[in-house]
Amino acid sequence: MSRTRVALGVALSIGLALTACQQQSGTSSSTTTTTTTAASTTTSSTTTTVPAETWYVCDGTPAQCLKLAAGWTLVGKVIDEPLFGNVSAVGLPSGGIRIYGEYETNPLGPWNPRIMSYVSDNGLQFGLESGVRVSEGRRPSVVRLSDGRYRMYLEATSQTGAAFWSAISSDGLNFALEPGNRLTSTGGGNEAIGFTSPRVAALKDGGYRMYYGGQNSTLDSLLLSAISTDGLIWTREEGIRINAKSHCIDWAGSFLSGPVIDANGTVRLYWGFLKCDSQGTNDHFGIFEFTSSDGLAFTQDPTLVVEGYYIQSKFKGSGSDPRLFPTAPFGLITSAGLRLYFSLVEKPTTGAPIAEQGVYCVLNPSIK
């Protein structure tokens, strides 16, 4: 079948503004809160005051500069490969953890991703596994099935029309694409412009729910959902789970979310994006947590789980300057608590990946 690559381009808004950093004990990082002065613009009939904005700038390491919500601790960088991201983690029968992700040698395009994997026996130090798990497809989400097999959901990359694929494996290493599409874009409504980033969670009472990104004709960045009893045939659920424009006027960013269902049945969804106030100022960027009792109606915690920062050596006094952005999170509940794996990336990209980039982990031992 002749196939044409489908790609979704999503622009990140600029003008980020953050509050001051709380330094960790024993560090030598230097942090700065830079503020622009409020300005007034007068017309013949009105006077408009532009609110002052602040930017959180830091010149330390991510361990010194990343800000964490109460209850979370930084495990550190677990995969030191800046070209590997958009990860999905799965627990293994041995007690170890495997992380699947997208390896992209051309981060500025044209894209040619491959799905590769790293493995760890403790969730802290990961080693690259030989070979390629899947040679085409993007943004993997892997679920371990009740029969011990592994199913990987992917955003299609080489066919006409936006769609999600799946691949199946008996050992978690050798995958074969399954026939057909799991879900195909309608091309209209909430999927008129965007259809991307499937993330699948196994439900406590059986079946599966998929969260995925959509974008309508007015460029609202939406998180949508679909339901399945067997993981193969999916039915869209009515409504919008999250509309990111309700959290920031000019928001747009990664659609990758990390759904987790804890022991109490609470659905915890982690999403890396930008949040601002009603005036479009005092922005914060990083990973937020949303919770739901039914997996459909979500409430946002206003405190970032992980908050990023502007890079001091590259900061020139503008919200469009380079920053380190925690994004594309994926959660996994372990015996130690909830491990949240995420990519730390430079945005906007200024060239070759920088040393701070890679896959990091934070831990909340109270969530199990």
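On the given criteria, is LEU183 out of contact with any Gly (no Cβ under 7 Å at 6 or more places or on another chain) and either open to solvent by 30 Å² or more (accessible area, probe 1.4 Å) or of a type in the set (A, V, I, L, M, F, W, C) (or both)? Before you say what the answer is, go through the steps one by one.
On the way: out of contact with any Gly (no Cβ under 7 Å at 6 or more places or on another chain): yes; either open to solvent by 30 Å² or more (accessible area, probe 1.4 Å) or of a type in the set (A, V, I, L, M, F, W, C) (or both): yes.
Against the criterion (out of contact with any Gly (no Cβ under 7 Å at 6 or more places or on another chain) and either open to solvent by 30 Å² or more (accessible area, probe 1.4 Å) or of a type in the set (A, V, I, L, M, F, W, C) (or both)), LEU183 qualifies.
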If we only count strands (runs of 3 or more DSSP E) wholly inside segment 104-210, which ones have 2 or more residues that are small (Gly, Ala, Ser)?
-> 114-120, 163-169, 194-202
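Quick one: which of SER318, SER292 is of a type in the set (Ser, Thr, Tyr) and open to solvent by less than 20 Å² (accessible area, probe 1.4 Å)? Spell out the reasoning first.
Values: SER318 fails: open to solvent by less than 20 Å² (accessible area, probe 1.4 Å).
Every option except SER292 fails the conditions.
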Would you check if there is a residue in segment 83-103 being over 18 Å from THR334 (Cβ atoms) and basic (Lys, Arg)?
-> no
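Going through LEU274, LEU223, LEU219, LEU269 one at a time, which residue ends up being surrounded by fewer than 20 Cβ atoms within 10 Å (Cβ to Cβ), among the hydrophobic types (A, V, I, L, M, F, W, C) and outside any helix (DSSP H, G or I)? Spell out the reasoning first.
Numbers: LEU274 fails: surrounded by fewer than 20 Cβ atoms within 10 Å (Cβ to Cβ); LEU223 fails: surrounded by fewer than 20 Cβ atoms within 10 Å (Cβ to Cβ); LEU269 fails: surrounded by fewer than 20 Cβ atoms within 10 Å (Cβ to Cβ).
After applying the criteria, what remains is LEU219.
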Check whether at least one residue in segment 161-168 is free of Cβ contacts under 8 Å to residues at least 60 places away in the same chain and open to solvent by 30 Å² or more (accessible area, probe 1.4 Å), and report yes or no.
-> yes
Of the residues that make up segment 344-358, is at least one at pLDDT 95 or above and hydroxyl-bearing (Ser, Thr, Tyr)?
-> no
Just for segment 139-159: of the residues that are free of Cβ contacts under 8 Å to residues at least 60 places away in the same chain and open to solvent by 30 Å² or more (accessible area, probe 1.4 Å), which one is farthest from ASP171 (Cα to Cα)?
-> SER146
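With the requirement that a residue be hydroxyl-bearing (Ser, Thr, Tyr), touching a residue at least 60 places away in the same chain (Cβ under 8 Å) and open to solvent by less than 10 Å² (accessible area, probe 1.4 Å), what does segment 188-216 give you?
We begin by selecting, within segment 188-216, every residue hydroxyl-bearing (Ser, Thr, Tyr); these are 196-197, 208, 211-212.
Right, trim to touching a residue at least 60 places away in the same chain (Cβ under 8 Å) and you get 196-197, 208.
The answer is THR196, SER197.
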Taking segment 331-340, which residues are open to solvent by 10 Å² or more (accessible area, probe 1.4 Å) and either assigned to a strand (DSSP E or B) or aliphatic (A, V, I, L, M) (or both)?
-> LEU332, ILE333, THR334, ALA336, ARG339
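Here is a yes/no grid of residues against (1) hydrophobic (A, V, I, L, M, F, W, C); (2) touching a His at 6+ places or on another chain (Cβ under 6 Å); (3) buried (at least 17 other Cβ atoms within 10 Å of the Cβ); (4) closer than 21 Å to LEU256 by Cβ:
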| residue | (1), (2), (3), (4) |
| --- | --- |
| THR105 | no, no, no, yes |
| ASN112 | no, no, no, yes |
| MET116 | yes, no, yes, yes |
| GLN125 | no, no, no, no |
| GLU129 | no, no, no, no |
| VAL134 | yes, no, yes, yes |
| GLY137 | no, no, yes, yes |
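The values are calculated or read from the model by the stated rules, or taken from the named source; none is laboratory data. Because the structure is predicted, anything quoted here is derived from the model rather than measured. Here the Cβ is made from the backbone with ideal geometry for all residues, glycine too, and neighbour counts use every protein chain on show. Side chains included, ligands, DNA and RNA excluded: accessible areas come from the protein's heavy atoms. Shrake-Rupley method; radii C 1.70, N 1.55, O 1.52, S 1.80 Å.
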